[in-house]
1. Pulled fully out, how much extra length does the chain show between residue 288 and residue 226, if you take 0.36 nm times their separation in residues and subtract their Cα-Cα distance?
2. Quick one: which of 160/189; 189/292; 74/232 span more than 30 angstrom between C-alpha atoms?
3. Enumerate the residues in region 265-300 having an amide nitrogen under 11 Å from the point lying 7 Å beyond the Cα of residue 188 toward its Cβ.
4. Could you run the Debye sum over the Cα atoms of region 144-300, one equal point scatterer each and no solvent, and tell me log10 of I(q)/I(0) at q = 0.14, 0.18 Å⁻¹, two decimals?
5. What are the equivalent ellipsoid semi-axes of region 232-290, built from the alpha-carbon gyration tensor (square roots of five times its eigenvalues), in whole angstrom, biggest first?
6. Can you tell me the order of 89-98, 35-44 when each peptide is scored by its average per-residue count of other Cβ atoms within 10 angstrom, highest first?
7. Neighbour counts of other C-beta atoms within 10 Å: give me 156, 50 arranged from fewest to most.
8. Under 16 Å from the Cα of residue 212, which lysines turn up, not counting those fewer than eight places away in the same chain?
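Bear in mind these aren't lab numbers, they're just calculated from the coordinates by the rules spelled out. Because the structure is a prediction, the values reported are computed rather than measured. Backbone-built Cβ (ideal geometry, glycine too); neighbour counts: all protein chains shown.
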Amino acid sequence: MSIAQRLRPFLHVLVFALLGAAAGAQKKDGPVEIRYPVPERIERAAKADDKGLLQWEEWKEPQCQTCTGTGKTKCATCERYPDEWTNCIECKGTKEATCRACGGLGHQPDPLDKVICPGCRGSAYLACTICPGSSGLITPQGGGGRPQKCPACRGDAGAKCSICNGTRFVEMATLKPSLREANAATLAKALAAANQALNALTAFHPPADVRKANKELAKVLGGGQAFFPPMKRAPKAFEDHMARIAGGANYQHYEEAAGQVQSAWKSGFEYYLKHQKRMLELAHKRAEANEKLLADTKGK
């Protein structure tokens with residue numbers, strides 16, 4: 001057997017290794033992928049104490065899968081634009097932004113305490129969809145190719161999110177004494193409200209008329225206000241956002257831009273409600289088990 005024949009298997013391994021490394025580098029250098037936790041798969045462990053009652057275990061703060069613990073990512077807003085493009089509302093031209101998936105913590109927060117904001121999805125701002133890339137500038141047709149200040153955002157490229165007030169997180173379901181310790185009956189009522197609001201939001205399909213769609217979606221977003229504070233703030237915040245976008249109503253792509261905002265709000269609050277539903281289910285299961293144990297112990 002020749003030397004070439006003997007080396008052929010090793011060359012194949014080397015080629016595949018190099019291809020794998022290249023693919024890994026390409027993924028690393030490619031667009032940032034925001035990986036939010038899947039609500040339906042969230043687990044929150046509880047352990048029986050010496051009396052047999054289930055107590056919430058300490059949260060281990062799992063590392064964020066998007067930023068791998070750094071709290072930072074490439075800027076998802078401006079990464080598609082040239083290096084010299086610096087008018088970015090999210091990173092201010094640095095090309096590095098706070099990780100949206102973990103709100104900059106580097107780990108996932110305790111899902112019993114808070115969740116990523118459904119309005120901004122962790123970016124802390126509500127982007128303008130009239131100006132390309134939320135740049136604050138727009139080049140109107142017939143304007144000689146000269147960029148002008150966007151009439152929708154007035155050059156600001158967006159606004160601070162009024163659902164989370166720019167903090168990137170929102171509070172959980174408001175219950176007494178708390179989501180962690182509420183009784184099964186209270187948790188069941190909140191769970192029913194979450195299901196009702198989620199079903200209404202999932203069933204919403206915007207009509208062709210933008211104004212009509214805005215009114216209908218604002219009404220749907222207000223569901224479940226008794227238990228979910230972000231949804232109490234949602235209708236006005238959404239209407240304010242759409243009012244800013246309406247500043248570009250005379251532009252060719254206005255309806256598309258308005259549709260993007262509607263879609264973002266719908267998907268953001270669907271995520272929030274699924275998250276709330278999951279945590280309510282886990283809390284309800286724990287509360288039921290503890291109440292049954294106490295009732296059985298008392299009956300003995």
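1. On the way: separation 62, 0.36 × 62 = 22.32 nm, distance 2.24 nm.
Result: 20.1 nm gained on full extension.
2. In this structure, 160/189; 74/232 exceed 30 Å between Cα atoms.
3. Flagged as within label range: 288.
4. Scattering profile of region 144-300, log10 relative to I(0): -0.76, -1.06.
5. 38, 11, 4
6. On the way: 89-98: 17.5, 35-44: 13.7.
Descending mean neighbour count gives 89-98, 35-44.
7. 50, 156
8. The qualifying lysines are 236, 266.
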